[in-house]
Structures are given as structure tokens and as C-alpha cells.
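A quick write-up on the structure given underneath.
The values are calculated or read from the model by the stated rules, or taken from the named source; none is laboratory data. Every value quoted in this text rests on a predicted model; they were computed, and no experiment measured them. Methodologically, a virtual Cβ is constructed for each residue, glycine included, from the backbone with ideal geometry; neighbour enumeration extends over all protein chains shown. Ligands, DNA and RNA are excluded from the accessible area calculation, which covers all protein heavy atoms including side chains. Shrake-Rupley method; radii C 1.70, N 1.55, O 1.52, S 1.80 Å.
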Amino acid sequence: MTSSKSDRVSPSDQDAQSCTLTVPRHVAIIMDGNGRWATRRGLPRLAGHRAGTENIRPITFKAAELGIRYLTLWAFSTENWRRPREEVEGLLQILSEVIQRETVDLHRHGAQLRHIGSLEGLAPDLQRQIREAIELTKNNDRIVLTIAFNYGGRAEIVQAIRRIIADGIPPEAVDESTIERYLQTAGMPDPDLIIRTSGELRTSNFLLWQAAYAEYYFTPTLWPDFTPEEFEAAIRDFQRRERRFGGLYGPPRPHPVTEPCASAP
Ligand code: IPE
Ligand code: IPE
Ligand code: MG
């Protein structure tokens, strides 16, 4: 990729010139620590999962308020089926409750709901609820809220490769953009920032392809304790970083949404 001279402006120079801060276009969150949150209170793990769902609406509204266009929340991994049956069934039940409880309000606030991951293995009724929420909100454009449920990065890549082969695309025609088109995130920008709560310092198979140049923000805060204020602090932290994408300077700002410097701490 070539870059014109005017592209090669460091973010700090750009900030000085325009006095604006870039808002990440896509933020993804690994919502971890529900079980420990509950255990520390002497509660069953499912109480932690329920408490964690109370965060979805306020964090989504805060993200929209900050001008973030895509928010992706990871709620259940392809590996989480390994948990005891009671916990897995509880998590499926909680997803159904959350859809029923939150969809209308999210819709009213202009959130477009999407799902990544496999619907296979979910009860037909739950699949229907997910499809209906997606259908109801499909024309909203304030923020795209993607719920990653029964999602795993490797499974997503395997599924993409299978579909590329099934579509008869010849090997020499496959490039990075082909793979992107076949991933479930097709059409979405890559995450600029990935937040993981609960102090674990790993990706655990999240957005493996898409996270190639994501910035990471790890916090010891357990997910049910994660507040919109800490979310905003993570965004401020991101705004102080210099992204390089393998070059010497960051590429031109990919996203026009900016905010006045004055609002930074
Ligand atoms: C995250 O919380 C939610 C899911 C993975 C479903 P955990 O259930 O992993 O909580 P911890 O990590 O055991 O505390
Ligand atoms: C990752 O958390 C999955 C979600 C948060 C949905 P896990 O708790 O399942 O990850 P590991 O097992 O600690 O790596
Ligand atoms: Mg965990």
C-alpha cells in the first residue's frame, strides 16, 4: 500500500493540528469474571452471569454517546460448552431473558443487533428470538451491537474456509479480502480496541483474524463491576496510544468521528 506524504503524519502531530481525538470505530469486549464475582459473594455462578447482563445496556449507551459505531460483546465461547451442564443451560436461559428484557430499549436507542457465532446447538425458540431481534433492529444506525454467542475465532475461520472451497473459488483467487468477506464479521471494520475484564491476559480464541492490529486493554475489574466510567477510561487510554500497523507512523485516521481535545482528561 502506498501512502502519500500527507498521510505520514504522526497522531500527535495530527492532534496538534486539528485538536481532535480519534474515537475507536469498533470496540470489542471479552466479558470475563462473572463466576469469580459470584463466588466472592458466596453466590452461585449463574448469579454472576445474571449480574453481568445488567451492564450490557449502560455500556452500549455509553459507547453510542462516545461515537463508537460498532460494539461487540462476547457472551459465550465455542469452548464454554465444556462447562457443567447446569451452567451452560443457565447461560442459554439468561441469553433468552436478556433478549426479551433489553431488545425494545436497545431498539429505541437506535442499536442494530447482530449475532456472530453458531446458532447450531441452540434451542429453536432461542434461535427464533435472536433472529427476531436482528430483524426488528436491522435498520437502526446509531450503533451496531454484535453479540458473540457460541463464538470462537478458530471455528469462524474453519467455517469461512469451508465456504470458500464450497463456492469453488480457485486458490490463486484467495487473498485477505476474500477471507474477510467469508468471516461472520464481513462488512464490519476490524476492532480497534479489545477490552478484557477480570485480569486474564489472553484472547481465549476471540476474533483471531480481525484482532491482527487491535489494541488491547486489560483490567482486573470483574465484568459485573465494569462501569461506563471505566469503559470511558479505556477509550481515553486507547486515544493516547500510537498505532503503527507495521509502518513507522500510524496510517491516516481511518475514521472521521472525532471529538474536541478539551473533553480528554
Ligand atoms: C465470563 O465469566 C462469562 C462466560 C465465559 C460465559 P466466567 O464465567 O468465565 O467467569 P470466571 O472467569 O469463571 O470468573
Ligand atoms: C472467554 O472467557 C469467553 C467469554 C468471556 C465469553 P473464558 O472464561 O471462557 O476464557 P478462559 O477459559 O479463561 O480462557
Ligand atoms: Mg472466565
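Worth pointing out:
- Within the stretch 35-74, the residues that satisfy the criterion of being more than 16 Å from ligand 1 (Cβ to nearest atom) and of a type in the set (Val, Ile, Thr) are Thr60, Ile68.
- Residue list for the stretch 222-243, filter: outside any helix (DSSP H, G or I) and touching a residue at least 40 places away in the same chain (Cβ under 8 Å): Leu222, Phe226, Thr227, Glu242, Arg243
- Yes/no for Phe245 being at pLDDT 85 or above, aromatic (Phe, Trp, Tyr) and within 18 Å of the chain's Cα centre (by Cα): no
- Glu172 satisfies every condition listed in (1) touching a helix residue (DSSP H, G or I) at 6+ places or on another chain (Cβ under 7 Å); (2) outside any loop (DSSP other than H, G, I, E, B) except (1).
- When Leu201, Leu126 are checked against the criterion of being in a helix (DSSP H, G or I), within 16 Å of ligand 1 (Cβ to nearest atom) and without any contact (Cβ under 8 Å) to a residue 40 or more places away in the chain, Leu126 stands alone in meeting it.
- If you go through the stretch 175-198 and keep only what is more than 13 Å from Thr72 (Cβ to Cβ) and either part of a strand (DSSP E or B) or of a type in the set (A, V, I, L, M, F, W, C) (or both), you end up with Ile179, Ala186.
- Filtered by the rule that a residue be open to solvent by less than 60 Å² (accessible area, probe 1.4 Å) and within 16 Å of the chain's Cα centre (by Cα), the stretch 119-144 gives Ile143, Val144.
- One residue from Phe206, Phe238 being under 16 Å from the mean Cα position of the chain (by Cα), among the aromatic types (Phe, Trp, Tyr) and within 16 Å of ligand 1 (Cβ to nearest atom): Phe206
- For the stretch 209-232, taking the residues that are open to solvent by 40 Å² or more (accessible area, probe 1.4 Å) and within 16 Å of ligand 1 (Cβ to nearest atom), the one that is nearest to Gly48 (Cα to Cα) is identified as Asp225.
- For the stretch 68-94, a residue qualifies if it is assigned to a strand (DSSP E or B), away from ligand 3 (no atom under 15 Å from the Cβ) and open to solvent by less than 40 Å² (accessible area, probe 1.4 Å), and the qualifying residues are Leu71, Thr72.
- Residue ranges of helices (runs of 4 or more DSSP H) in the stretch 16-67 with at least 3 members within 16 Å of ligand 3 (Cβ to nearest atom) and surrounded by 18 or more Cβ atoms within 10 Å (Cβ to Cβ): 34-40, 45-53
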